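*Asks:* Dropping a structure here in structure tokens format, bear with me for questions.
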Amino acid sequence: MSGLTYETVARFAQQGGTVFFGLMFLGGLIYALWPRHKQAFQRLAHLPLEDDEAPHV
């Protein structure tokens, strides 16, 4: 055997998944905190507080 066991593959998958999702989280955090997006996020944050034009029945 070449030493490629289930434990080796599982450890690689766990570490690779941790790195992948860590990078995805970091990318989302950078996107959310980027100064260019501030105005859009502020507008969206106040959207639930605005009155609707037509009342719900």
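*Asks:* HN-Hα J couplings of segment 5-10 from phi, Karplus 6.51/-1.76/1.60, θ = phi - 60°, integer Hz, Gly and Pro as x?
*Replies:* Once θ is set to phi - 60°, the couplings for segment 5-10 become 9, 4, 5, 5, 5, 5 Hz.
*Asks:* Quick check: at a probe of 1.4 Å, how many percent of the accessible area of the chain sits on carbon and sulfur atoms?
*Replies:* Reported share for carbon and sulfur atoms: 67 percent.
*Asks:* How many nm is it between the label spots at residue 2 and residue 31, if each spot is 7 Å from the Cα in line with the beta carbon?
*Replies:* With each label point 7 Å from Cα toward Cβ, the separation is 3.6 nm.
*Asks:* May I ask you to give the average projected area over all directions of the convex hull of the Cα atoms of the chain, in nm² rounded to one decimal?
*Replies:* That works out to 8.2 nm².
*Asks:* While we're on this one: I'd like the GluC sites (Glu not before Pro) in the chain restricted to DSSP loop residues with at most 15 other Cβ atoms within 10 Å, sorted by number.
*Replies:* 50, 53
*Asks:* Might you tell me the accessible area per residue for the chain, computed with a 1.4 Å probe and given in Å²?
*Replies:* Per residue, the chain has 103 Å² of solvent-accessible surface.
The values are calculated or read from the model by the stated rules, or taken from the named source; none is laboratory data. Since this is a predicted model, take the numbers as computed values, not measurements. A quick note on method: Cβ atoms are made from the backbone with ideal geometry, for glycine too, and the neighbour counts reach across all protein chains shown. Accessible surface areas use protein heavy atoms only, side chains included; no ligands, DNA or RNA. Shrake-Rupley method; radii C 1.70, N 1.55, O 1.52, S 1.80 Å.
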